[in-house]
Each structure stands twice: as C-alpha cells, then as structure tokens.
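Only one structure is covered here, and it is reproduced in the block below.
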Amino acid sequence: MPSPRKPLDLETLAALGVERLARLVVDEAEASPVFAKRVKAALAAAEGPGAVAAMIDKRLAGLERARGFVDYERVRDFTSDLDTLVEGVAANNDATGRKLKFLRRVPVDPMTRKPEWGLRSYQDAPDATRWGGQNVFDIYTTFEGTALDGSKYKDW
C-alpha cells in the first residue's frame, strides 16, 4: 500500500539529507534565475557583511550598465512612432547590430479591433485630437462610441 503524501515541512526535507537537498537546490537554481539569485544572496549572507556588500555592488553595476543602453539623448529615436518601438533602435556600443525592441507588436485597440491608435506627443495639448508628430507620449482609441456613463471612449 502506498504511503500517504508527506507534508512539505522542515522535518520531511531534513529527512532527504544534505546532498539530496543540495542537488534539488542546484537543479532549481539552474532552471530559475530568480531562485538562483536568492540562493546566492543566502550564501553571501552566510559569508558575512563583506560578501553581501560585494553582491550588492555587482547588482548595482549591472543596473547601471542596463540603464546605459538607452541614452537620454536617444529617447527621441525610439519615441518617434509606435512602429519604431516594434522595429527597435540600434543598441549603444554594440557592434553586432543588435536592436533594442520595446514592443513585440503594436497592440490591437479593443474598441476598433485594429492595431491603430490616436497619438499624442509631449508637446500636444492633453485633449489634442491631432498628433504633432514630434514623439509618442500617449495613445488613445479613435473609436467614436459612447460609454454607459455618457463619456466618449476616446476621452478616457
């Protein structure tokens, strides 16, 4: 007769033994980058404050590099229209020609059921119905319908 399911608790896990648990942790860390970071943080904490500080410095340096891929001056390059967000812009300092893409596709407007949107640039008035063309700051539906509360969908 098969044994009943054992609960997932400290006692049951301890019964597996250190090597079996270590193998499970390594397998999961290889499959899950988030879990791997948690394990590395726990290992650093076990080493002491210096190891934790080094780990934090490494993560901050990674964030700094990631932030540097889109230069502030280049914001105009990828906010010129929605298609550019799909097609991508060349990554800074990358000789491979790799592009940074921000959308997989232009989303379908649920009201018109088409991937077409009204656009507003940063320079346009908040209620503008014609796009100034400088950049894309906001999108809105072009559907002319009225909601149950009497407001126009395009004004949402």
In deg cm²/dmol and to the nearest 500, what is the mean residue ellipticity at 222 nm of the chain if only DSSP H runs of at least 4 residues count, each as -39500 (n - 2.57), divided by the residue total?
-12500 deg cm²/dmol
In the stretch 136-156, which residues have a backbone nitrogen under 18 Å from the label point lying 7 Å from Ser121's Cα in the Cα-to-Cβ direction?
136-140
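For a footprinting-style exposure proxy, rank Glu87, Glu19 by other Cβ within 10 Å, fewest first. List each step's numbers first, then the result.
Values: Glu87 13, Glu19 8.
Going from least to most buried by this count: Glu19, Glu87.
Note down, for the stretch 18-68, the three equivalent ellipsoid semi-axes (square root of 5 times each alpha carbon gyration tensor eigenvalue), biggest first, whole angstrom. Could the numbers behind the result be given before it?
Details: eigenvalues 116, 49, 4 Å².
The three semi-axes for the stretch 18-68 are 24, 16, 5 Å.
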Can you give the FRET efficiency to the nearest 0.05 for Leu8 and Val52, using r as the Cβ-Cβ distance and R₀ = 22 Å?
0.20
What nm distance separates the two modelled labels at Leu60 and Glu144, each placed 7 Å from Cα along Cα→Cβ?
5.7
Inter-part gap, Cα centre of the stretch 94-156 to Cα centre of the stretch 3-45, in whole angstrom, is 46
Once fully extended, how much extra length lies between Thr129 and Ser80, figured as 0.36 nm per residue of separation less the alpha-carbon to alpha-carbon distance?
15.9 nm
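Quick note: the coordinates plus some simple rules give every number you see, no bench work behind them. Note that this is a predicted model, so its numbers are computed, not measured. Neighbour counts run over all protein chains shown; Cβ positions are idealised from the backbone, glycine included.
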